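> Submitted below is the structure of interest, expressed as structure tokens.
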Amino acid sequence: MKLKIDADVFLFDLDGTIYLGDKLIGDSVGTLMKLGEAGKKVFFLTNNSSRDKSEYVQKIARLGYPVQPEQILTSTMASIQYLTTRRPGKSVFPVGTPAFVKEIKEAGIAVKEDADIVLLAFDTTLNYEKIWKANILLEKGREFIATHPDIVCPSDIGDMPDVGSLMALLECSCGRAPSVICGKPYSPMAEIINTRVSAPKEKIVMVGDRLYTDILFGINNNYKSILVLSGETTAEMLVSSGVQPTLVLPTVNEIIE
Ligand SMILES: [Mg+2]
């Protein structure tokens, strides 16, 4: 098997890279299987903090790839690692889904209304009360941390406003941006990878469809990067961007020659 890139560890984005909604992108599962058979390490990195890890295990397995839970890395996990190592003992007011709040609590992080930190996640159960309470805490000067910066999350019926859009709302009302963002392209997400693999950076490749998260994550961490044109980014967007990947392919399936 010949590959278009020299790497031992493949970090894949999910939405727009492996699948779109519930549809696989070409034979992406076949490609993942072949990489595994060739001894390559495969991980899935998602910034989506609205679902917990087990939902990704179920979804990827349902689509035909026998994924192990250790292969999935989320911005929720990066946020938990950051909070437990850099902000030990601090409480959070999460703006997030019940699955997100459960995962935070299970990690031993105290959740309360009058918290030290406002933790903004991809809250598909958002209501006015939560945004209002978050704003009150931020006006009091409490720390502002976000799980990831994505502006929208693609769906088959249209884009969903994601954390980046909610950040803009709170920046407008309280006058502050987050001091820390944990998911791709920022360093807390890379710290999770460092705990899983010991490969040299030049043998790691980030594969994704989004320039300002996936590809920038590769660049920020001195990994190689592959932009796939199966999701958000068009050839026109790439030409006018300052963020340039190592390689551009139509889909993940062209990684194998
Ligand atoms: Mg994507």
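> With the other protein chains left in place, how much accessible area per residue, in square angstrom, belongs to the range 43-171 at a 1.4 angstrom probe?
Values: 5660 Å² over 129 residues.
Ligands and nucleic acids excluded, the result is 44 Å² per residue.
> Something else: Identify, among Ile60, Val95, Ile18, the residue whose Cα sits farthest towards the positive end of the charge dipole of the range 1-95, taking +1 on the Cβ of Lys and Arg and -1 on the Cβ of Asp and Glu, with the dipole about the Cα centre.
Most positive-ward Cα: Val95.
> Another question, if that's okay. So how far, in whole Å, is the C-alpha centre of the range 8-33 from the one of the range 169-233?
17
> Run the accessible area of the chain with a 1.4 Å probe and give the carbon-and-sulfur part as a rounded percent.
Numbers: 6100 of 11200 Å².
Answer for the chain: carbon and sulfur cover 54 percent of the accessible area.
> Applying a 10 Å radius around every beta-carbon, put 58-67, 232-241, 93-102 in order of their mean neighbour count, most first. Let's see the in-between values first.
Values: 58-67: 14.9, 232-241: 13.0, 93-102: 20.7.
Highest-to-lowest ranking by the protection proxy: 93-102, 58-67, 232-241.
> Oh, and also: Of all DSSP beta bridges in the chain, what percent run antiparallel (nearest 5)?
Numbers: 5 of 35 bridges.
Roughly 15 percent of the DSSP beta bridges within the chain come out antiparallel.
> Please go through the residue pairs Lys105/Lys184; Lys53/Lys130; Lys105/Lys140; Lys2/Lys224; Lys2/Lys41 and name each one whose alpha carbons sit more than 19 Å apart in this structure. Intermediate values should be presented prior to the final figure.
Values: Lys105/Lys184 23 Å; Lys53/Lys130 24 Å; Lys105/Lys140 24 Å; Lys2/Lys224 17 Å; Lys2/Lys41 16 Å.
Where the Cα-Cα span goes over 19 Å, the pairs concerned are Lys105/Lys184; Lys53/Lys130; Lys105/Lys140.
> Could I ask something else about it? Take every Cα pair under 8 Å in the range 136-186 that's 6+ residues apart, average their separations, divide by the length, and report that relative contact order as a whole percent. Spell out each step's value before the answer.
Details: 63 pairs, mean separation 21.6, N = 51.
The value is 42 percent.
> Can you compute the helix-only [θ] at 222 nm over the chain? Use -39500 (n - 2.57) per DSSP H run of at least 4 residues, normalise by all residues, nearest 500 deg cm²/dmol.
Numbers: 9 runs with 85 residues, N = 257.
Here the helix-only value at 222 nm equals -9500 deg cm²/dmol.
> Could you work out the mean projected area of the convex hull around the alpha carbons of the chain, in square nanometres to one decimal?
13.4
> Further question: Order of 166-179, 43-56 by packing, highest average Cβ count within 10 Å first?
Values: 166-179: 15.2, 43-56: 21.6.
Listed from highest to lowest mean packing, they are 43-56, 166-179.
> When the chain is fully extended, how far beyond the present Cα-Cα distance does Lys105 get from Ser155, taking 0.36 nm per residue of separation? Provide the component values of the computation, followed by the final result.
Details: separation 50, 0.36 × 50 = 18.00 nm, distance 2.84 nm.
Residue separation times 0.36 nm, minus the Cα-Cα distance, leaves 15.2 nm.
> Over all directions, average the projected area of the Cα convex hull of the range 88-181 and note it in nm². Could you put the intermediate results ahead of the total?
Values: hull surface 24.0 nm².
Averaging across all directions leaves 6.0 nm² for the Cα convex hull.
The values are calculated or read from the model by the stated rules, or taken from the named source; none is laboratory data. Since we're looking at a predicted model, the values are computed, not measured. Backbone-built Cβ (ideal geometry, glycine too); neighbour counts: all protein chains shown. What goes into the accessible areas is simple: the full protein's heavy atoms, side chains included, and nothing from ligands, DNA or RNA. Shrake-Rupley method; radii C 1.70, N 1.55, O 1.52, S 1.80 Å.
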